[in-house]
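Presented below is the structure to which this report refers.
The values are calculated or read from the model by the stated rules, or taken from the named source; none is laboratory data. Quick caveat, the model's predicted, so the values are computed rather than measured. FYI the Cβ positions are ideal-geometry reconstructions off the backbone, even for glycines, and counts take in every protein chain you see. The accessibility values were calculated without ligands, DNA or RNA, using every heavy atom of the protein model including side chains. Shrake-Rupley method; radii C 1.70, N 1.55, O 1.52, S 1.80 Å.
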Amino acid sequence: MFCASLFVCSVVLLTLNGDVTASGAGRAFPIDSENYVTEQFQTVNSRLEWDPTNFLVDLAGHYANCKAVSGEVRVDRLTPEGQSIGGMVEVVDGARADIDSVNSYIRTTVDRWMRSRVYHDKIRGGSRFGCSIRPGCSGRAVISCLFSPGATFTEPEYEEALDEPQLPENIVEGEQAALAFTAQQYEVAERYTGNKWDRSHFLENLSGFETRCEMIDNSNWPFTTARQFAAQYGVRISSVYGSAPNTGSTDEALNDILSKFKSIRHARDLGCSIIPDCIRSSGMYAVVACIYSEP
């Protein structure tokens, strides 16, 4: 499930039982990815640990198979300790099976999950988790993570605690190709640019309508759509964008891009969005666009 939007993706619910081992089971994450996903998930739930028994890792391998589809997993069995199990599966584009590519697929997927609050219920509700990946599925890779105890996804329209950016009036949801920044990335953007993040998310949403992979090949992006919307609200804006190779760490690529952005001293606030996985012949790139409000 590719969530290429600033907003929460809909979740396909799967009760996967029966022949879940079809087309070959997945394998455990490489150690670098195991450490990375643990670090990321623990920003949401500090008590969550990688399953030291590998029970969830092995079980996740059965759900990471070439016949899987993206969505929520409800497992019809319990852990040896008698706890329920739940999780998620995601199918991603990617034909390679070498360790660097596998790590890249995992990191990009985990980064998407961390930006979508709909996945946070799984992470918050678990005490242990384990993940597996099955590369080589006809140009795709399948990633599965299981948690115990298992929690179901909360529908975002009913969860008051969700803090997703809100669209300005008259802007149609679904037209963005980019992802929102995380709270940690707000701070990184503020540190590099010297400007304060727009906590209303208006500028972040505007940037989401402009951020495109085509920016890699265009040195003079006009930001026409953002300027039209901003004008409707009487907001004057400035803009900046950039790209950098993403060799497996979106955060490193983001730092590389933001470090080249100059502070617009007369600007009041800024908002940015990112596409972490633009594919070019020379490899994968991240693209970031930021919009500043002017007095």
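One table, with the values for the structure above:
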| quantity | calculated |
| --- | --- |
| By accessible area with a 1.4 Å probe, ligands and nucleic acids excluded, highest first: order of Tyr186, Tyr192 | Tyr192, Tyr186 |
| Total formal charge among the other residues, if their Cβ is under 15 angstrom from that of Asn218, Lys/Arg +1 and Asp/Glu -1 | -1 |
| Accessible solvent surface per residue of segment 182-248, calculated while the other protein chains remain in place, 1.4 angstrom probe, Å² | 50 Å² |
| Segment 70-123-segment 239-274 distance, computed between alpha-carbon centres (Å) | 27 Å |
| For Gly139, net neighbour charge (Lys/Arg +1, Asp/Glu -1) across residues whose Cβ lies under 12 Å away | +1 |
| Sulfur and carbon atoms: percent of accessible area, segment 25-148 [1.4 Å] | 44 percent |
| Potential extension, Asn220-Val69 segment - 0.36 nm per residue separation minus Cα distance | 50.5 nm |
